[in-house]
Amino acid sequence: MSGNAWLLLLAAAFGAWAVVEAVWYATRFTSDPVARYADSRIVRVDVPPPETDQAHGLPVTVAFQDPSTGQELTLRTADGKNGALYAAWEGRPVWVRFPSGEPSHFRVQGSPFSRGQELAGAWWAAVLCAAVLLVRFTTVQHHSYGWALLGFGDGLTVLVACACVSAIRWRGRRRALLDGAPTVPAEVVCLMREAHLNEEITTYTYTAVITFTTEEGLTVMAIGPGGLTHYDDLPLGTRLSVRYSPENPAAFDFATPCDSDPYGTLTAWIVGTIAWGAIVTSAGLHALL
């Protein structure tokens, strides 16, 4: 199979992915609009098992009402299949969404759902499909590789830059919430372990789960410092200092040494994006000249 045929096959795969995501959203959720149920709340928070993946969040039990039947439901999240919460306390209001007639397939989130979030997969698949088609049809003519680099490379740079800007705004809002926030003691109650297989060698990283009590009397359980390489880096019972937002205790931060460089990853992405944009632009212009 020729290179052009492979590109068309890849574009078709991305296009099919975009269509499936869009149709799935339209058929399952537009008939039952995303809504916040006033009585949706957390009624129980459990300590996660040590082998739980951090991405699965905290195991919680939520209570909500099915608006189509009026039935009161109390359901437990399981292995990330029902969404993930990284901070929880009994009585915390949450947002749930589920297909009509299938409340057991609910998903829970700490903030309102948006159509942009639901269609993110379809959007990225469509962008990748368009990028592959751009490379395919701009490599037909002489010097077209330069246009492909400029179109695909710089287009990807713009998308990543937009993501970085969104992350910067989110961090700014979070920082505003934590300015002048009260500080309370916290305790490590669990360590979540994640396995990494590298060249037949299994290594583990650990993520701490902590609890703290706010000045308002709420007992909050939250997933805290991650990326620990040794189990004893933050053993059970370790006492920490946490500052939190009284408006939303899910927004919290750690005192040194746990909060070493909260902007390090974002800075690396910004530098990498600038470097990538400069490289593909230079390569594209060089191919055209």
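The values are calculated or read from the model by the stated rules, or taken from the named source; none is laboratory data. The shown structure was predicted, so the numbers you read here are calculated from the model rather than taken from an experiment. Ideal geometry is used to build each Cβ from the backbone, glycine not excepted, and the neighbour counts take in all protein chains shown. Keep in mind that these areas ignore ligands, DNA and RNA; they rest on the heavy atoms of the full protein, side chains included. Shrake-Rupley method; radii C 1.70, N 1.55, O 1.52, S 1.80 Å.
Residues of region 103-116 that are under 19 Å from VAL43 (Cα atoms) and not in a loop (DSSP other than H, G, I, E, B): PRO103, SER104, HIS105, ARG107, VAL108, GLN109. Looking only at residues of region 51-89 that are open to solvent by 60 Å² or more (accessible area, probe 1.4 Å) and touching a Phe, Trp or Tyr at 6+ places or on another chain (Cβ under 9 Å), we find that the one that is farthest from ILE210 (Cα to Cα) is PRO67. Does ARG171 qualify as being charged (D, E, K, R) and either modelled with pLDDT under 80 or surrounded by 18 or more Cβ atoms within 10 Å (Cβ to Cβ) (or both)? For ARG171, the condition - charged (D, E, K, R) and either modelled with pLDDT under 80 or surrounded by 18 or more Cβ atoms within 10 Å (Cβ to Cβ) (or both) - is met.
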